[in-house]
Amino acid sequence: MSKKLFIETLGCAMNVRDSEHMVAELHALEGYELTDEAGEADLILINTCSVREKPVHKLFSELGVFNRLKKPDAKIGVCGCTASHLGKEIIKRAPYVNFVLGARNVSKIAQVLHKDKAVEIEIDYDESQFAFKDFRTSAYKAYINISIGCDKQCTFCIVPKTRGDEISIPADLIVAEARRAVDNGAKEVFLLGQNVNNYGRRFSGEHEKVNFTELLRRVSALEGLQRIRFTSPHPLHMDDEFIEEFARNPKICKSMHMPLQSGSSDILKAMKRGYTKEWFLNRAAKLREMVPNVSISTDIIVAFPGESDEDFIHTMEVLNTVRFEQVFSFKYSPRPLTEAQNLEEVDSQIGSERLRLLQERHDEILDELKCEHIGKVVEVYFEELRHDGYVAGRSDNNLGVKVKGSEELLGTIANVKITEVHRTVAHGEIVA
Ligand code: SAH
Ligand code: F3S
């Protein structure tokens, strides 16, 4: 009988891809098959996130739960960013954990499995050219890493300390991986990195210097590939060449993530983001002008240390000017190993109130935008069969859309006329 693997993935798309890599290695080298039931697994993995404090608390309570329900001989491994920064502390606090594997050490999963109490968290480790075995959760959309680590030093962010310096994966490896994914039926690739439009600054060893715009051109030249998405670009590196390629290239989906963080130039400086409010607004305006149907999403942190009411008003102004189609908003959470960790915090209630105001205003904007979608025809790639007789997918510009239908729609792209819009999903009808 095969061994069973249960894996829980928290956090960002890069973690999703890291989990796929671990599943692939464990299947090919150790014969593990996936299960949805932690109680019947021989190995339980939690792939953790540490960008905010809450998920870290959640980790230890979850570990306790897994320890109670696991089979007597089953192993538990903690992977990902929290593994990187807490290291052996995890085994101290939860002694039943068998190993700890950092976000930069994913390729060592089959090794640590056999070393009880192993802690592999080296952040200088270079796995930018490691040939992982193949596994994908979705047959339709392929996540592909284009870089590891992050070279920025945003003062609030722990990621450079958990994922290490940025190294780009050679362009020919990325194109070859995309080719394989398309040959296996994926019509869409999703290029991943902490700072994708900084791609090509540093490779390990001698490799052809290719920037992100050129990488997009090469990937889009693949026959059979119909859609390219990517995350996350950095507003600082959104030069004209990049925005023009985004606008001009029909295979690039017209949805852009522009992580604002704050609308105040003073706070942006304290965060070491490298751009000002004016630069951000200028880039967003150029995007909207060149790509009229673009949808822009963002990340915003409220109550960064030192944020005044006036600073917050600047953030609200950017919200009202850009009218983002999607906002991921967070209250600042001090993180260990970051430059901002010891700065005096904004009063917690004030932070919560700002978050509420921001989210309330964003909901109003969404309600206003809703009306604009009705009657429009969008191109949808169907990826998910729902239980209620619907099939769901995403439009080119990232609107979640569902239509009445069955399995045969999966993996197809069709024009859909939008008939109804809710906050998270739109309903539509396929048109010829
Ligand atoms: N390079 C990635 C950032 C990963 S972290 C990107 O640009 O998307 C994802 C988001 O978490 C960040 O954009 C930020 O908005 C939020 N975040 C990071 N550190 C945080 C902190 N200390 N407190 C609150 N939110 C934080
Ligand atoms: Fe974090 Fe800034 Fe990099 S948000 S992941 S340090 S771009």
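Checking each residue in the range 181-197 for being open to solvent by less than 10 Å² (accessible area, probe 1.4 Å) and either within 14 Å of Met256 (Cα to Cα) or within 16 Å of ligand 1 (Cβ to nearest atom) (or both) picks out Leu191, Leu192, Gly193, Asn195, Val196. The single residue among Glu345, Glu379, Glu383 that is surrounded by 14 or more Cβ atoms within 10 Å (Cβ to Cβ), within 16 Å of ligand 1 (Cβ to nearest atom), outside any helix (DSSP H, G or I) and charged (D, E, K, R) turns out to be Glu345. Just one residue in the set Val182, Val189 is away from ligand 2 (no atom under 16 Å from the Cβ) and more than 19 Å from the chain's Cα centre (by Cα); that residue is Val182. A single member of Phe242, Phe230, Phe246 is touching a Leu at 6+ places or on another chain (Cβ under 6 Å) and touching a residue at least 40 places away in the same chain (Cβ under 8 Å), and it is Phe230. With respect to the conditions (1) open to solvent by less than 60 Å² (accessible area, probe 1.4 Å); (2) within 16 Å of ligand 2 (Cβ to nearest atom); (3) more than 21 Å from Asn398 (Cβ to Cβ); (4) in a loop (DSSP other than H, G, I, E, B), Pro233 falls short on a single one, namely (3). For Gly224, only one of the following conditions fails: (1) assigned to a loop (DSSP other than H, G, I, E, B); (2) within 13 Å of ligand 2 (Cβ to nearest atom). What is its number? Result: Gly224 fails condition (2) only. Take the conditions (1) over 28 Å from Asn320 (Cα atoms); (2) surrounded by fewer than 18 Cβ atoms within 10 Å (Cβ to Cβ); (3) under 26 Å from the mean Cα position of the chain (by Cα); Gly389 misses just one of them, which is (3). Scanning the range 348-376 for residues that are open to solvent by less than 80 Å² (accessible area, probe 1.4 Å), out of contact with any helix residue (DSSP H, G or I) (no Cβ under 8 Å at 6 or more places or on another chain) and either among the hydrophobic types (A, V, I, L, M, F, W, C) or not in a helix (DSSP H, G or I) (or both) turns up Ile350, Leu355, Leu366, Leu369, Gly375. Within the range 1-48, being more than 22 Å from the chain's Cα centre (by Cα) and in contact (Cβ under 8 Å) with a residue 40 or more places away in the chain holds for Lys3, Leu5, Leu26, His27, Ala28, Leu29, Glu30, Leu43. Within this structure, Ile418 passes the test of being within 28 Å of the chain's Cα centre (by Cα), in a strand (DSSP E or B) and aliphatic (A, V, I, L, M). Scanning the range 138-161 for residues that are touching a Gly at 6+ places or on another chain (Cβ under 6 Å), within 25 Å of His207 (Cα to Cα) and among the aliphatic types (A, V, I, L, M) yields a total of 1. Of the helices (runs of 4 or more DSSP H) entirely within the range 69-180, those holding at least 3 residues that are of a type outside the set (Phe, Trp, Tyr) and open to solvent by less than 40 Å² (accessible area, probe 1.4 Å) occupy 81-86, 109-112, 159-163. Among residues of the range 302-316 being open to solvent by 40 Å² or more (accessible area, probe 1.4 Å) and part of a helix (DSSP H, G or I), the one that is nearest to Cys154 (Cα to Cα) is His314.
Within the range 1-30, the set of residues being of a type in the set (S, T, N, Q) and assigned to a helix (DSSP H, G or I) comprises Asn15, Ser19.
Mind checking whether some residue in the range 6-26 is crowded, with 22+ Cβ neighbours inside 10 Å and either farther than 22 Å from Phe130 by Cα or in contact with a Pro (Cβ under 9 Å, 6 or more places away or on another chain) (or both)? Yes, the range 6-26 contains a residue that is crowded, with 22+ Cβ neighbours inside 10 Å and either farther than 22 Å from Phe130 by Cα or in contact with a Pro (Cβ under 9 Å, 6 or more places away or on another chain) (or both). Within the range 273-284, residues that are more than 19 Å from Asp151 (Cβ to Cβ) reach partners that are among the small types (Gly, Ala, Ser) with beta carbons closer than 8 Å, at six or more positions or on different chains, in the pairs Thr276/Ser265; Lys277/Gly263; Lys277/Ser264; Lys277/Ser265; Glu278/Ser265; Phe280/Gly263. Out of everything in the range 348-366 that is of a type in the set (Asp, Glu) and without any contact (Cβ under 8 Å) to a residue 24 or more places away in the chain, what residue ends up being nearest to Val425 (Cα to Cα)? Of everything passing the filter in the range 348-366, Glu364 is nearest to Val425 (Cα to Cα).
In the range 319-326, is there at least one residue being open to solvent by 20 Å² or more (accessible area, probe 1.4 Å), in contact (Cβ under 8 Å) with a residue 40 or more places away in the chain and among the hydroxyl-bearing types (Ser, Thr, Tyr)? Looking for residues that are open to solvent by 20 Å² or more (accessible area, probe 1.4 Å), in contact (Cβ under 8 Å) with a residue 40 or more places away in the chain and among the hydroxyl-bearing types (Ser, Thr, Tyr), one finds at least one in the range 319-326, hence yes.
Take the residues in the range 251-278 that are within 16 Å of ligand 1 (Cβ to nearest atom) and among the hydrophobic types (A, V, I, L, M, F, W, C), then tell me which one is surrounded by the most Cβ atoms within 10 Å (Cβ to Cβ). Step by step, filter the range 251-278, then rank; the result is Met256.
The values are calculated or read from the model by the stated rules, or taken from the named source; none is laboratory data. Since this is a predicted model, take the numbers as computed values, not measurements. Cβ coordinates were reconstructed from backbone atoms using ideal geometry, including for glycine residues, and neighbour counts include every protein chain displayed. Just so you know, the surface numbers come from the protein's heavy atoms only, side chains and all, with ligands and any DNA or RNA stripped out. Shrake-Rupley method; radii C 1.70, N 1.55, O 1.52, S 1.80 Å.
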